[in-house]
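The values are calculated or read from the model by the stated rules, or taken from the named source; none is laboratory data. What you see is a predicted model; the values in this text were computed from it and never measured. Cβ: placed from backbone, ideal geometry, glycine included. Neighbour counts: every protein chain shown.
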Amino acid sequence: MERRPLLAGNWTMHTTIAEAEALAVAIAQTAIPADRDVMLAPPFTALAAVGKVLAGSPVLLGAQNVCWEPKGAFTGEISPPMLRDAGCTLVIVGHSERRHIFAETDAMINQRVAGAIRHELVPLLCIGETLAEREAGLTFQVLERQLREGLKDIVLSGAGQLVVAYEPVWAIGTGRTATVDQAQEAHRFVRGVLLTMYEKNIATQIRILYGGSVNPDNVDALMAQDDVDGALVGGAALKAESFCRIINFK
């Protein structure tokens, strides 16, 4: 069965509520082909407002992080029920900025994945190597470790419960993009690891997105690769024109 593409826009720490609403309106009003999914992940302050804009549209609402507990004394965190209340169905977990700027460990990311799934949110688990790790020939070791540790004790009943995003850290916001061959090679490896962790009918259907300076000029070539099932888009998702072109990849 063919995997349905997912184009996800991660707005990171950008947009006021008014700016987020305007951007969401512009994206929701574009013609989105029926054979693909689109998700927007605004900052927490704009989730509810963007959720209202997207209500009734095919565009999905996602969040940029999630705590593993449903409530409690966790200052600065946001819980799965809070995200669901705002209209979220997906949540980004383990983004490289969370790993490298805020020192989130594989174990913490695993807790976040588990918390999301317990509350019927789909985690979009990000994995990826740094430039130093790639140059040292450690790419596959890093990806396998992050996958196995991030998904430790995570039981899936279906492929729709999880999305994985390969984001080479050296290509995020740098303008550098992995070549289509590098992206396909990494995605094929990730698929192989998933096949050792889950039943074949689940592992072959989990969507693996590419994230790393995706833009209107390179999206078509990336999406033509056999194991690239979508894109996690950063900077190019902050402008409706560029993100809508990505949504409408050919």
message = Can you confirm whether Ile17 is surrounded by fewer than 17 Cβ atoms within 10 Å (Cβ to Cβ) and β-branched (Val, Ile, Thr)?
response = yes
inquiry  = Looking at Ala31 and the list (1) buried (at least 17 other Cβ atoms within 10 Å of the Cβ); (2) modelled with pLDDT under 95; (3) of a type in the set (A, V, I, L, M), which single condition is not satisfied?
reply    = (1)
ask   = Could you list, in sequence order, the residues of the range 202-250 that are among the basic types (Lys, Arg) and farther than 19 Å from Arg188 by Cβ?
value = Lys239, Arg245, Lys250
query = When you go through (1) out of contact with any Lys or Arg (no Cβ under 9 Å at 6 or more places or on another chain); (2) modelled with pLDDT of 95 or more one by one for Gly56, which number turns out not to apply?
reply = (2)
query = Does Ile208 satisfy the condition of being over 14 Å from Leu7 (Cβ atoms) and aliphatic (A, V, I, L, M)?
reply = no
ask   = Which of the residues spanning the range 67-83 are of a type outside the set (Asp, Glu) and surrounded by fewer than 18 Cβ atoms within 10 Å (Cβ to Cβ)?
value = Pro70, Lys71, Gly72, Ala73, Phe74, Thr75, Gly76, Pro81
message = Yes or no: the range 130-138 includes at least one residue that is part of a helix (DSSP H, G or I), among the hydroxyl-bearing types (Ser, Thr, Tyr) and touching a Ser or Thr at 6+ places or on another chain (Cβ under 9 Å).
response = no
request  = May I ask you to verify whether Ala171 is small (Gly, Ala, Ser) and modelled with pLDDT of 95 or more?
outcome  = no
inquiry  = Out of Ala48, Ala73, Ala103, I need the residue that is hydrophobic (A, V, I, L, M, F, W, C), more than 29 Å from Tyr198 (Cα to Cα) and free of Cβ contacts under 8 Å to residues at least 24 places away in the same chain. Which one?
reply    = Ala73
message = Checking the structure you have, find out if any residue of the range 178-201 is aliphatic (A, V, I, L, M), without any contact (Cβ under 8 Å) to a residue 40 or more places away in the chain, in a helix (DSSP H, G or I) and touching a strand residue (DSSP E or B) at 6+ places or on another chain (Cβ under 9 Å).
response = no
task = Could you check, for the range 29-43, whether at least one of its residues is in contact with a Pro (Cβ under 7 Å, 6 or more places away or on another chain) and among the basic types (Lys, Arg)?
result = yes
inquiry  = Please determine whether any residue of the range 106-118 is part of a loop (DSSP other than H, G, I, E, B) and either surrounded by fewer than 17 Cβ atoms within 10 Å (Cβ to Cβ) or among the small types (Gly, Ala, Ser) (or both).
reply    = no
task = State the number of residues belonging to the range 168-177 that are free of Cβ contacts under 8 Å to residues at least 40 places away in the same chain and under 17 Å from the mean Cα position of the chain (by Cα).
result = 0
message = As an exercise: evaluate Gly160 against (1) buried (at least 16 other Cβ atoms within 10 Å of the Cβ); (2) outside any loop (DSSP other than H, G, I, E, B); (3) in contact with a strand residue (DSSP E or B) (Cβ under 9 Å, 6 or more places away or on another chain) and give the number of the one condition it does not meet.
response = (1)
query = Just one of Gly234, Gly230 is in contact (Cβ under 8 Å) with a residue 40 or more places away in the chain, touching a Gly at 6+ places or on another chain (Cβ under 9 Å) and either closer than 19 Å to Asn10 by Cβ or aromatic (Phe, Trp, Tyr) (or both); which is it?
reply = Gly234
